[in-house]
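Heads up, the thing below is written out as structure tokens.
The values are calculated or read from the model by the stated rules, or taken from the named source; none is laboratory data. Model, not experiment: these values are computed from the prediction. Positions of Cβ are generated from backbone atoms using ideal geometry, with glycine treated the same way; all protein chains shown enter the neighbour counts.
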Ligand SMILES: Nc1ncnc2c1ncn2[C@@H]1O[C@H](COP(=O)(O)OP(=O)(O)OP(=O)(O)O)[C@@H](O)[C@H]1O
């Protein structure tokens, strides 16, 4: 790329000089400097088109091979270490709105660093970097999951009109519920003890200062869906990712402005077909709990079973998705190859009253029961 840069600048400069427009050495220099700036601004575009952008992280060079996924503010790339040839997934988060944007991205990175559970995606390293466009980016490097996500398998199976085997569904569900149990218990496997304190994260150095821990709340993942479940190589295990929507729970909504702010965050972070009804209309005096994730788990389970989300049939018949969710209007297709115990799990999760929904632990027990016959 460096050679391209030199050739690009030299070629264009000479073209202009040959046209007789920039004859003097000063004009030549000015032209070169203008072209250098132009190069710097179009370089990322050319690089991504050529698919060979180089990124330097912790003194190691990585070649960008492919775009794996993109969301509102982030891109996830498949990258290769130039020296070792090892492949990784690299999430590049664009930090909007200055300090607040940086803090949000760093909190996401910290969760990936601090949570320690086999079914939650752990980062390899994190870097905050200001780029030529003046925008700050947070880079999070992860192990690369070459089998992709549960969503990709669900899509391809249902396109072929085949259903995912029950034992695979149970295995993925167990992985997801174990991850949720850990989060709901405050970053611990059992009862809530120490948990990640993110209150002053912006002032923390990423590298040498381990995060201060204190006894605190539990966490809501806030965006549980098949797209956020990465598959192990044997495709039996699933690992939950995308911690950009994690928030503390219970979240007590004391007044109208808190209600509006929570609702806005939910609509920004939680994918609509999987969003719990209590997040569509957050009311002052309400308490948001881990049960919002349980609703999303129910939607995820339904989607894995049938290849589409539970409320989208209403939309295809002209209804509104929000209305269907808030009235829990869904039904099971007539072609349902699964035993009733699996559908009953969905029904238990998709209850309008969050208190009536089971906890992750209850669901784990139920699933183990189904697994054992
Ligand atoms: N470690 C990984 N290995 C392989 N693919 C990955 C990995 N991490 C993420 N991906 C892919 O990138 C996609 C987006 O990742 P992620 O959800 O973290 O980004 P996001 O920008 O927050 O997305 P969204 O806003 O849609 O939730 C995933 O759905 C998956 O397809």
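All conditions in (1) in contact with a helix residue (DSSP H, G or I) (Cβ under 7 Å, 6 or more places away or on another chain); (2) over 24 Å from residue 104 (Cβ atoms); (3) buried (at least 17 other Cβ atoms within 10 Å of the Cβ) hold for residue 315, with the sole exception of (3). Do we have residue 355 as assigned to a helix (DSSP H, G or I), more than 25 Å from the chain's Cα centre (by Cα), more than 21 Å from residue 178 (Cβ to Cβ) and touching a residue at least 60 places away in the same chain (Cβ under 8 Å) here? Against the criterion (assigned to a helix (DSSP H, G or I), more than 25 Å from the chain's Cα centre (by Cα), more than 21 Å from residue 178 (Cβ to Cβ) and touching a residue at least 60 places away in the same chain (Cβ under 8 Å)), residue 355 qualifies. Would you check if residue 362 is in contact with a strand residue (DSSP E or B) (Cβ under 8 Å, 6 or more places away or on another chain) and in a helix (DSSP H, G or I)? Against the criterion (in contact with a strand residue (DSSP E or B) (Cβ under 8 Å, 6 or more places away or on another chain) and in a helix (DSSP H, G or I)), residue 362 does not qualify. Of the strands (runs of 3 or more DSSP E) lying entirely inside segment 228-333, not one is found with 1 or more residues being assigned by TED's automatic domain parsing to the domain that holds residue 74. If you check 154, 126 for being in the same structural domain as residue 228 (by TED's automatic domain parsing) and crowded, with 19+ Cβ neighbours inside 10 Å, only one passes: 154.
Does any residue of segment 78-86 turn out to be near the ligand (Cβ under 9 Å from one of its atoms) and under 20 Å from residue 229 (Cα atoms)? Yes, because at least one residue in segment 78-86 is near the ligand (Cβ under 9 Å from one of its atoms) and under 20 Å from residue 229 (Cα atoms). Count of segment 87-119 residues, restricted to those that are within 12 Å of the ligand (Cβ to nearest atom) and either without any contact (Cβ under 8 Å) to a residue 24 or more places away in the chain or not in a helix (DSSP H, G or I) (or both), is 8.
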